[in-house]
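These notes concern the structure reproduced below.
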């Protein structure tokens with residue numbers, strides 16, 4: 001399962017690279033592992049149930065229509081598509097099926113009443129209220145159902161049938177007049193759609209397969225000498241059909257949410273970008289270029305249980321076949337789940353926001369629901385509820401539960417860490433406040449940046465504090481206009497991550513206003529650093545400016561300690577321009593000598609001296625700030641190193 005998770009993440013990164021600035025709204029592409037060809041030749045359905053032609057009707061009056069009609073059929077097993085579980089399907093003459101749409105109040109809405117979109121294969125690629133949604137289309141075109149009564153006119157009679165089996169459901173379009181031209185009697189084709197029952201105990205989403213038979217005139221057609229009609233028509237028209245699947249709403253580039261299955265490696269080279277953006281249709285039969293091959297969409301594993309919203313299993317480790325399958329929550333929630341949330345924020349690559357995917361599981365305090373209104377504006381859903389569908393009656397901008405998406409932030413990661421450390425009893429945790437412990441100041445509203453220390457030329461170490469004593473989970477995020485080199489913390493229950501300019505810190509514990517909870521190493525050529533987009537425990541904080549020194553005495557002596565803070569050892573790098581006698585010594589904050597690391601001649605060049613955090617007697621020094629000072633050739637330069645074990 002973890003392999004599948006990273007595959008989905010890779011596609012997300014790819015799509016964000018190709019379409020920067022676009023919010024990811026597509027859904028169905030994340031349900032399947034791309035499009036592939038498999039070696040499964042077409043075979044006519046045996047023992048199926050033929051659907052009477054009278055059953056193909058159009059809503060709302062259920063009028064008979066052999067050009068664009070639907071026949072409603074019950075499925076032999078529940079089948080999940082695009083996040084909803086369906087028990088029936090509408091089979092259309094035009095070479096596709098639709099599951100309909102679950103409305104915002106939870107009812108199932110069937111096919112659209114307008115037939116203009118039904119006969120238009122471009123409806124696969126565009127979002128319009130008159131177009132069908134939640135569609136699976138092995139060969140969507142403008143086709144026609146020919147009943148037995150037309151045999152005397154030289155047509156082959158059509159049969160659309162289905163077969164229900166315990167592990168699969170097959171639909172067959174046989175002798176279908178494709179791309180309807182009234183006098184194209186030989187433009188006839190056979191194809192199938194197969195829905196496979198899911199083997200995943202946590203999801204009803206199964207695999208999908210398209211199979212293709214032959215195209216052309218049929219032996220069932222009565223020859224012209226028996227009908228008295230002109231010579232036998234040999235014309236075919238096999239192109240201009242759509243092949244693939246379609247979800248709901250808009251996808252990439254404001255097109256519909258679809259996967260174009262013509263990019264299957266046979267008909268067209270597989271391309272993960274074009275699969276979800278290109279509107280190309282068929283130009284030849286068969287869409288696999290070989291009747292022995294079928295198009296296969298393999299379902300990814302999902303967790304189709306609404307109560308698992310915010311359970312903390314961001315990496316899906318409780319999936320079947322994974323290490324924590326059938327294990328309790330205290331096993332499947334791990335520090336890796338918190339790290340995945342933090343990495344998404346630090347790298348600006350969001351978790352998959354679709355329901356029941358990564359962000360859905362990561363939203364452990366249930367405040368991360370959002371949607372896009374009719375103008376494309378992102379709107380947050382403010383109510384914290386137990387079920388993702390609760391309170392939806394208050395929102396008039398959306399018509400389907402598919403339009404609800406999810407996000408998680410650094411405070412969700414902090415709550416995951418709090419759960420792992422036993423500070424909260426379970427996830428999700430949706431109370432207004434997390435139970436606190438220790439001495440608490442609930443007025444905390446900010447973080448602050450402390451006095452910087454110089455690491456080396458143009459690189460600085462900046463401590464980060466809370467602005468009042470605090471106990472509980474903390475989640476901090478900010479952006480610096482310098483390059484973030486590293487972020488360090490003093491507590492094993494506090495985790496820090498960074499991108500090029502972003503810093504994310506999550507954890508739980510007791511935090512004192514006079515003790516940094518993290519240190520940020522940042523490189524800049526400027527005399528100040530701007531900290532912006534600051535957020536602490538899901539509260540936005542105003543931007544701040546951190547003033548830096550414009551110059552340091554003794555420029556020919558450059559020093560840096562790394563790591564800083566240090567917990568077991570640190571190396572002090574020295575760069576010297578002129579040969580002379582030098583002394584490098586360590587002092588405590590009161591100016592007392594702790595240890596001499598070097599005393600003697602140094603030639604021009606670069607040196608590194610190790611301090612193992614002991615004094616002259618070999619005793620480990622306590623936590624705190626220490627000064628390392630280099631004196632020689634008439635100059636003195638000093639800097640600070642923090643010891644934090």
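Over all directions, average the projected area of the Cα convex hull of the stretch 36-297 and note it in nm².
Values: hull surface 55.8 nm².
Hull-based average projected area comes out at 13.9 nm².
In this structure, residue 629 and residue 467 have a Cβ-Cβ separation that, at R0 = 30 Å, corresponds to a calculated FRET efficiency of about 0.40. Which shape class applies to the stretch 557-643: rounded if a/c is under 1.5, otherwise prolate when a/b exceeds b/c and oblate if not, where a ≥ b ≥ c are the square roots of the Cα gyration tensor eigenvalues? It comes out prolate by the Cα gyration axes. Taken along the Cα-to-beta-carbon direction at a fixed 7 Å, the label points for residue 459 and residue 274 span 4.6 nm.
Please figure out what share of the DSSP beta bridges in the chain is antiparallel and state it in percent, rounded to the nearest 5. Let's see the in-between values first.
Working: 144 of 145 bridges.
Here the share of antiparallel DSSP bridges comes out near 100 percent.
Overall, the anisotropy analysis places the stretch 306-420 in the prolate class: the square-rooted eigenvalues a ≥ b ≥ c of its C-alpha gyration tensor yield a/c not less than 1.5, with a/b exceeding b/c.
On C-alpha positions alone, give me the angle between the axis of helix 2-18 and the longest principal axis of the chain, in degrees, nearest 10. Value to nearest ten degrees: 90.
Kirkwood Rh, the stretch 99-214, all Cα pairs: how many Å? Please list the in-between numbers first.
On the way: mean 1/r = 0.0614 Å⁻¹.
Roughly 16.3 Å, rounded to one decimal.
The packing ranking of peptides 446-456, 95-105, 134-144, highest mean first, is 134-144, 95-105, 446-456, where packing means the average number of other beta carbon atoms within 10 angstrom of each residue. Note on residue 567 and residue 329: with the Förster distance fixed at 45 Å, the Cβ-Cβ geometry gives a FRET efficiency of about 0.90. Helix 410-420 and the long axis of the chain differ in direction by around 80°, with both axes built from C-alpha atoms.
Taking 0.36 nm per residue of sequence separation and removing the Cα-Cα distance, the residue 587/residue 394 pair yields an extension gain of 63.1 nm.
So, R0 is 22 Å and r is the distance between the beta-carbons of residue 54 and residue 214; what FRET efficiency does that work out to, to 0.05?
Once the sixth-power term is evaluated, E becomes 0.20.
When the square roots of the Cα gyration tensor eigenvalues are ordered a ≥ b ≥ c, the ratio a/c for the stretch 508-623 is 1.5 or more and a/b does not exceed b/c, which makes its shape oblate.
For the chain, what does -39500 (n - 2.57) per DSSP helix run (n ≥ 4), summed and divided by total residues, give at 222 nm, in deg cm²/dmol to the nearest 500?
On the way: 6 runs with 54 residues, N = 645.
It lands at -2500 deg cm²/dmol.
Compute the Kirkwood hydrodynamic radius of the stretch 447-547, taking the inverse of the mean of 1/r over all pairs of distinct Cα atoms, and give it in Å to one decimal.
Values: mean 1/r = 0.0742 Å⁻¹.
It is 13.5 Å.
For the chain, the longest principal axis of the Cα atoms and the long axis of helix 335-347 meet at an angle of about 90 degrees.
Here, each number is a calculation from the coordinates, and none is a lab measurement. Keep in mind it's a predicted model, so treat the numbers as computed, not measured. When we count neighbours, we look across all protein chains shown, and the Cβ atoms used for this are built from the backbone with ideal geometry, even at glycine.
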